[in-house]
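Structure, as structure tokens:
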Amino acid sequence: MIQAEAQAESKSGRIAVLLSTCNGAGYLVPLLESIQDQSCPHWDLWVRDDGSTDGTVEILEEFAGRLAQKTQTGTGSRMHVIRGENIGIVRSFFHLLGQAGDAYAGYSFCDQDDVWLPEKLERAVRVLKRDVPFLYHGRQWLVDQESGEKILSPVPKNAGFANALIQNQVVGCTMVINTPLRNCVLETLRAGSDGDPCSGIIMHDWWCYLLASAIGHMHYDPEPVILFRRHEESTTPVATSSFRIIRKRLTAMRKRDWSVGHIVRQARALQRHFAHLENRTDSGLRCRLSESNRQLLHSLLNLQSATFSRRIGYLFTGEHSRIGKIDTTVFRLLVLFKRF
């Protein structure tokens, strides 16, 4: 029923808000209220609970009941709650992306511990393209729950496929993708369905950034659109002060054992999925890599078997770049010493 109603309204720019929850009872109420207060009224909320054991589901059902009372005419926002077992954040969001259907103009990922600013969806709808794979993402206020500090997130630098292969600068909770990109994302997952379709994928938002930079278009909004509340349970290593940023980054790198192996595995998954797509004749989607992007992908994958002299050359003339010179140099040093 929700999909049918959204289909009828898709031309008006209706957005599917995709929220994956897991033991988020302590954060959910401000988020849900901020979604309800959006200046853009054309949205539906799709929630998948990833096996919560606290009061998360009860909060969701209470909010769904209140929302239903306000939208008895059938023209307002609607909410669909899926209670599931714990499958992890990546699979949970991809499941939501599939369940929502292709009737919407856009799909907005949503984290349970953030607060949206009132014009978040409206700003995305203004620039959302319909005919080509497209990704919108915005800036955030980074809010430290411990200290109360609030600063603006860094402006992305070197954005594009050469960056997306080795770093994610597109934060999922600010992201809105259109239907063509949504379909390409799901098509890549189906292309690898002979095994685990999510194998090698680090995060759902990183995968969307990879595809958008490879085959589509992106729009960065320099205005902040959310309060990005950071705390010890957050899934992303973002902080507000320089000291906290360094500490979080070092912690994240230690968890990877100072390796770039996870990045190469994701790139190999991308290669595998595109190989499946390009060999298929039944797909109407234009999920094809350009020759230049194909070379960027291959050059990254070839580093694992590269000679020491080749890796020395990559240290100084590598094609892939992270947000800053120091980050890029660290990455290339890890390649030089074969930390795969």
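Coordinate-derived values only; no laboratory data. Everything numeric here is computed off the predicted structure, so don't read it as measured data. Positions of Cβ are generated from backbone atoms using ideal geometry, with glycine treated the same way; all protein chains shown enter the neighbour counts.
How would you rank T329, T56, going from fewest to most other Cβ atoms within 10 Å of each one's own Cβ?
With the fewest neighbours first, T329, T56 line up as T329, T56.
Rg/Rh for the stretch 92-203 to two decimals, with Rh computed the Kirkwood way over all alpha-carbon pairs.
That ratio equals 0.98.
Note down the Stokes-Einstein diffusion coefficient of the stretch 2-240 in µm²/s, whole number, using a Kirkwood radius over alpha carbon pairs, 25 °C, and 0.890 mPa s.
Using the Kirkwood radius from Cα pairs, D works out to 136 µm²/s.
Taking other Cβ within 10 Å of each residue's Cβ, how do I312, I89 sort, fewest first?
I312, I89
Strictly over 27 Å apart at the Cα level, which of K70/K150; K70/K120; K129/K157 would you flag in this model?
Violating the 27 Å limit, Cα to Cα: K70/K150.
Sorting check: for 103-114, 43-54, which peptide has the highest mean count of neighbouring beta carbons within 10 Å, and how do the rest follow?
103-114, 43-54
Quick one: dipole size for the stretch 2-240, taken about the Cα centre, charges +1 on Lys/Arg Cβ and -1 on Asp/Glu Cβ, in debye to the nearest 20.
Dipole size: approximately 840 debye.
For the peptides 115-128, 292-305, 14-27, what is the packing order when you average, over each peptide's residues, the other Cβ atoms within 10 Å and list the highest mean first?
Sorting 115-128, 292-305, 14-27 by mean packing, highest first, produces 14-27, 115-128, 292-305.
Taking every pair of alpha-carbon atoms in the stretch 261-336, give the share separated by more than 14 Å as a whole percent.
Here the tail beyond 14 Å accounts for 67 percent of pairs.
Once you keep just the Cα pairs under 8 angstrom separated by 6 or more residues, what percentage relative contact order results for the stretch 84-155?
16
Gain in length, N302 to Q69, computed as 0.36 nm per residue apart minus the alpha-carbon separation, to one decimal in nm?
78.1 nm
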